[in-house]
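Structure first, then comments.
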Amino acid sequence: MKEQIIEMEHYAKEHNVPIIEKDSIAFILKFIKVNDVKEILELGSAIGYSAILMASVKDDVKITTIERDEARYMECLKNVKKCGLEKRIEVVYQDALEVNLSGVSYDLIFIDAAKGQYTKFFEKYKYFLKPGGVIITDNLKFHGHVGNRNQIASRNLKQLVGKIENYIDFLKNNDEFETKFYDVGDGLSVSIRKNDI
Ligand code: SAM
């Protein structure tokens, strides 16, 4: 398994596939262990790096992970099989905003897909949390751009950073969820329903 993980890290570097930072995944793996997380939904599989690591925490972890890019989806499937995790990781090839879930709920929903759509993902998937379940979002610092929008020249990048800043405000001002922000890796948040605290 360790070999597969290193192989994936090399592949990601070579093919310019963004994968989670080491500190961030370490934080999530610990969260899974400490809170006995079993059912996970991940938005944004890429090549399966984070899903495979999350599934490796313990044998009763089950993951559904969604990816809209065909090449990455195929690579993810390949990696999941190589690690013998196909019974515990289901890879869905679809846009996460178009997936129709029913009759399922999760202890942890990990948002790691298109940064401009974080609020939409949150609003769509919050209904699929188990009582006490959490939504973790990655990349809230966006490589130091968040909070420094005025220094960005590119219009598109500025817009994207604006959307992440709006998402952070949305979390801070949310009546339904309590969110804690962590200065770990590229910036993480953990949101839990206020009623569940
Ligand atoms: N979680 C992965 C890991 O750490 O190994 C990294 C995911 S990468 C940062 C984000 C991925 O989300 C990309 O592969 C991208 O194609 C996918 N993505 C972006 N928007 C999406 C959407 N709306 N639905 C499904 N996948 C999406």
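The values are calculated or read from the model by the stated rules, or taken from the named source; none is laboratory data. Bear in mind the structure is a predicted one, so any value in this text is a computation, not a measurement. All Cβ positions, even for glycine, are placed from backbone atoms using ideal geometry, and neighbour counts span all protein chains on display. All accessible areas refer to the heavy atoms of the entire protein, side chains included, with ligands and DNA or RNA removed. Shrake-Rupley method; radii C 1.70, N 1.55, O 1.52, S 1.80 Å.
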Point to revise | Unique match (being within 11 Å of the ligand (Cβ to nearest atom) and modelled with pLDDT under 95) among K158, K115 | key: K115
Review point. Which one of these is modelled with pLDDT of 95 or more and at positive phi: G132, G147?
Key: G132
Point to revise | Single residue of the range 44-61 satisfying the filter (aliphatic (A, V, I, L, M), more than 6 Å from the ligand (Cβ to nearest atom) and in contact with an Asp or Glu (Cβ under 9 Å, 6 or more places away or on another chain)) that is farthest from E75 (Cα to Cα) | key: V61
Study note, to complete from the structure: When the range 95-113 is checked residue by residue, the ones that are more than 24 Å from Q4 (Cα to Cα) and open to solvent by less than 70 Å² (accessible area, probe 1.4 Å) are D95, A96, L97, V99, L101, V104, S105, Y106, D107, L108, I109
Practice item. Can you give me the number of residues within the range 55-76 that are open to solvent by less than 50 Å² (accessible area, probe 1.4 Å) and either outside any loop (DSSP other than H, G, I, E, B) or among the β-branched types (V, I, T) (or both)? Key: 11
Practice item. Quickly run through the range 79-111 and pick out the residues that are of a type in the set (D, E) and either modelled with pLDDT under 95 or more than 9 Å from the ligand (Cβ to nearest atom) (or both). Key: E86, E90, D107
Point to revise | Top-ranked residue in the range 118-131 [being over 21 Å from D60 (Cα atoms) and in contact with a helix residue (DSSP H, G or I) (Cβ under 7 Å, 6 or more places away or on another chain); ranked as nearest to the ligand (Cβ to nearest atom)] | key: Y118
**Study point:** Residue in the range 149-167 that is among the β-branched types (V, I, T), more than 22 Å from V34 (Cα to Cα) and part of a helix (DSSP H, G or I) present
**Key:** yes
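Here is a yes/no grid of residues against (1) open to solvent by 20 Å² or more (accessible area, probe 1.4 Å); (2) touching a residue at least 12 places away in the same chain (Cβ under 8 Å); (3) touching a His at 6+ places or on another chain (Cβ under 6 Å):
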{"residue": "K115", "(1), (2), (3)": "yes, yes, no"}
{"residue": "D138", "(1), (2), (3)": "no, yes, no"}
{"residue": "L157", "(1), (2), (3)": "yes, yes, no"}
{"residue": "Y167", "(1), (2), (3)": "no, yes, no"}
{"residue": "K172", "(1), (2), (3)": "yes, no, no"}
{"residue": "D175", "(1), (2), (3)": "yes, yes, no"}
{"residue": "E178", "(1), (2), (3)": "yes, yes, no"}
{"residue": "F181", "(1), (2), (3)": "yes, yes, no"}
Point to revise | Qualifying positions in the range 96-119 - more than 14 Å from the chain's Cα centre (by Cα) and charged (D, E, K, R) | key: E98
Practice item. Give me a count of the residues in the range 21-54 that are assigned to a loop (DSSP other than H, G, I, E, B) and open to solvent by 60 Å² or more (accessible area, probe 1.4 Å). Key: 4
